[in-house]
1. So what are the ³J(HN,Hα) numbers for segment 45-50, from phi and the Karplus equation (6.51, -1.76, 1.60; θ = phi - 60°), rounded to whole Hz, Gly and Pro as x?
2. Could you work out how far apart the two model spin labels at residue 16 and residue 36 are, taking each label as a point 7 Å from the Cα in the direction of the beta carbon, and quote it in nm?
Amino acid sequence: MSRYALLICRSQTEACGLRRHLAQLGVPGAVTRPPRAARTASCGWAVRVEAAQAEDAVRRLRPLGITPCRVMPEEEGAGV
C-alpha cells in the first residue's frame, strides 16, 4: 500500500490553494506533478498528502466547497 496519496487538481493555482487550505486544517501537503498517466488536459497538478489523511482531508474540504478532481495513491518509486 502506498504511503502517500495525490489529490489531483485542475491547475497549479488550484493545487497551491488546496495546499494552503489543507495547511490551515492541520494537514501538511506538497504541490507536485502527478504521473503522466493520471493527467488529463485539465488535471496536471496535485497535492501529495499522507495516505492515512487523504480521506479525512477531502471530507473536511467538502464543506468549504473545495474538491479535488480525484484522489489516487502515489505510485511506488514516484518522487516529488
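1. Once θ is set to phi - 60°, the couplings for segment 45-50 become 9, 8, 10, 8, 10, 4 Hz.
2. It is 2.6 nm.
Coordinate-derived values only; no laboratory data. Given the structure is predicted, the values throughout are model-derived calculations rather than measurements. Cβ: placed from backbone, ideal geometry, glycine included. Neighbour counts: every protein chain shown.
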